[in-house]
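These notes are about the structure you will find just below.
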Amino acid sequence: MKTLQQIGWIIGSLVVLCGTVASCNGQGGLGMFEGQTNVGEAPLGGSVAYDAGAAVYRITGSGEDIYGESDAFYYVWRKAEGDVVLTADVAFEGTGGHQYRKAGWMIRGGLEPDAPYADALVHGDGLIALQYRETAGGPTQEVLAATRAPATIRLERTGDLFTLFVASEGEDFQPVGSISVDLPDTVYAGLAVCARDENVQETAAFSNVGFESIGVVAEEDRVVESTLEIVTVDTGARRIVRRAREHFEAPNWSPDGAELVYNSEGRLYRIPVEGGEPQQIDTGFADRCNNDHGFSPDGTQLVISHSPEGGSSMIYTLPSEGGTPRLVTEQGPSYWHGWSPDGKTLVYCARRNGEYDVYAIPVEGGAETRLTDAPGLDDGPEYSPDGGTIFFNSVRTGQMKIWRMNPDGSNQEQLSPDDDYGDWFAHPSPDGQQLVFLSYDKSVEGHPPNKNVLLRLMPIDGGEPRVLATLFGGQGTINVPSWSPDSKEVAFVSYRLVAP
């Protein structure tokens with residue numbers, strides 16, 4: 001539900017902006033906006049009427065489409081600098097229009113029809129999408145929301161990152177996706193209406209309109225905002241468990257489905273799946289835990305990767321409720337990634353003699369076994385639910401891809417397809433049907449933070465991947481196993497660099 005603080009922010013934004021930009025009295029004015037215009041070929045034109053009493057903008061527009069390499073629509077806009085937060089309820093008036101008529105918020109680098117932009121649009125059939133064009137004259141791309149209208153949309157710009165949130169009536173805002181578009185500091189921001197047919201006009205009503213202008217924020221002044229999210233596999237719907245202006249990483253789902261465990265500032269924390277206050281887990285002396293941690297199959301133990309002072313990462317186990325860690329690996333660096341279903345063996349990435357490869361070791365410790373020896377990085381090993389396969393990612397072909405092998409290291413073969421992405425950290429679903437993994441643009445080296453990334457799903461035996469979530473993240477997003485026990489949901493962390 002919207003809080004009183006959120007409602008007050010919307011009303012306050014309207015009062016302040018109407019007082020500083022334009023008169024909001026009477027009918028037919030521009031309200032908080034500065035200008036109105038056709039963008040592209042929209043021969044029937046359009047109009048705007050602002051009802052100050054009801055605080056509603058009625059905007060009429062025509063135009064063929066907002067898509068492809070150029071646009072045609074009616075635009076009511078104002079200039080804005082830097083970060084902004086744009087909120088509105090959008091409803092078309094009348095029935096029978098094109099199912100892809102569009103209305104919503106748009107941020108553009110210019111008024112030219114082929115200008116780069118990002119928008120949050122409601123379609124005639126209720127579809128809600130985050131659309132964007134990265135370069136002048138380039139193609140339009142989109143991220144589709146699982147929620148359909150009627151719903152409140154919120155488009156936020158933080159630097160070059162644009163994030164769409166959607167809230168159904170009575171519900172909190174939940175993220176749809178984040179994308180990056182390189183726009184100038186000063187942009188056009190406003191409300192757009194497109195009939196999807198140049199021969200007709202369509203009208204949309206915009207209510208509860210909020211326009212918060214934060215301004216230009218220097219990159220060195222931005223702070224990280226981390227969001228622990230859960231995405232439903234069948235629908236792509238995302239919901240927020242925890243959001244904070246602090247850095248945390250790598251959620252694990254507890255085997256009983258009740259809580260998530262993540263790391264932050266060298267410590268581990270647990271939080272209920274429904275949200276709430278995180279509680280620190282007692283890891284004793286291990287106060288430099290990284291994002292390679294997880295539960296034993298029976299849920300009684302945790303495995304962590306901790307770097308002793310002056311040393312490199314080593315693997316330890318401890319009771320899941322907390323306690324004193326017990327060392328498993330004698331050599332470092334070693335980074336845990338998988339626990340065999342029978343509870344007897346750990347698999348991990350380790351550097352030995354200058355090469356990173358996949359190794360296995362008994363949970364009780366002892367001699368480690370090298371499972372890969374190809375030149376280049378082999379990382380992220382994890383067992384299939386039946387224990388018959390280990391999935392891992394390897395750069396041996398020159399592009400990071402998902403691979404699989406037998407538990408003894410034999411029969412190594414590439415699984416994810418050769419395409420435009422580098423793939424990391426494959427996690428099989430508990431029902432043994434699907435893999436979820438992290439994908440970067442193939443030009444990105446390693447798995448750094450603060451990049452445009454995708455979570456993709458693929459059948460466990462290979463096949464065409466599909467996009468599950470579009471976000472800003474990378475390192476820390478989904479390094480370790482994070483499926484729900486029923487295989488219906490996946491937990492992950494997204495990030496933004498926001499104003500302090």
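The values are calculated or read from the model by the stated rules, or taken from the named source; none is laboratory data. Here the structure is a predicted model, which means the values were calculated and not measured. Ideal geometry is used to build each Cβ from the backbone, glycine not excepted, and the neighbour counts take in all protein chains shown.
Some points to look at:
- Of all residues in segment 116-134 being in contact (Cβ under 8 Å) with a residue 40 or more places away in the chain and not in a strand (DSSP E or B), the one that is farthest from D221 (Cα to Cα): G124
- Filtering segment 190-213 to residues that are part of a strand (DSSP E or B) and either surrounded by fewer than 23 Cβ atoms within 10 Å (Cβ to Cβ) or touching a helix residue (DSSP H, G or I) at 6+ places or on another chain (Cβ under 8 Å) (or both) leaves T203, A205, S207, N208, V209, G210, F211, E212, S213.
- A residue that is assigned to a strand (DSSP E or B), closer than 19 Å to W253 by Cβ and either of a type outside the set (A, V, I, L, M, F, W, C) or not assigned by TED's automatic domain parsing to the domain that holds G474 (or both) occurs nowhere in segment 360-373.
- Any chance S443 is touching a residue at least 40 places away in the same chain (Cβ under 8 Å), among the hydroxyl-bearing types (S, T, Y) and out of contact with any Asp or Glu (no Cβ under 7 Å at 6 or more places or on another chain): no
Here's the yes/no breakdown for (1) under 21 Å from the mean Cα position of the chain (by Cα); (2) not polar (S, T, N, Q):
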site	(1), (2)
N393	no, no
R404	no, yes
G409	no, yes
L415	no, yes
T470	yes, no
Y495	yes, yes
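- The criterion of being surrounded by fewer than 20 Cβ atoms within 10 Å (Cβ to Cβ), in a loop (DSSP other than H, G, I, E, B), not assigned by TED's automatic domain parsing to the domain that holds H98 and not β-branched (V, I, T) does not hold for E171.
- Once segment 58-73 is narrowed to residues that are surrounded by fewer than 24 Cβ atoms within 10 Å (Cβ to Cβ) and of a type outside the set (V, I, T), the residue that is farthest from F92 (Cα to Cα) is E69.
- Qualifying strands (runs of 3 or more DSSP E) (wholly inside segment 31-100; at least 1 residues being over 13 Å from E198 (Cα atoms) and among the hydrophobic types (A, V, I, L, M, F, W, C)): 47-51, 56-61, 73-81, 83-93
- Filtered residue count, segment 240-269, keeping only those that are aliphatic (A, V, I, L, M), touching a residue at least 60 places away in the same chain (Cβ under 8 Å) and surrounded by fewer than 19 Cβ atoms within 10 Å (Cβ to Cβ): 1
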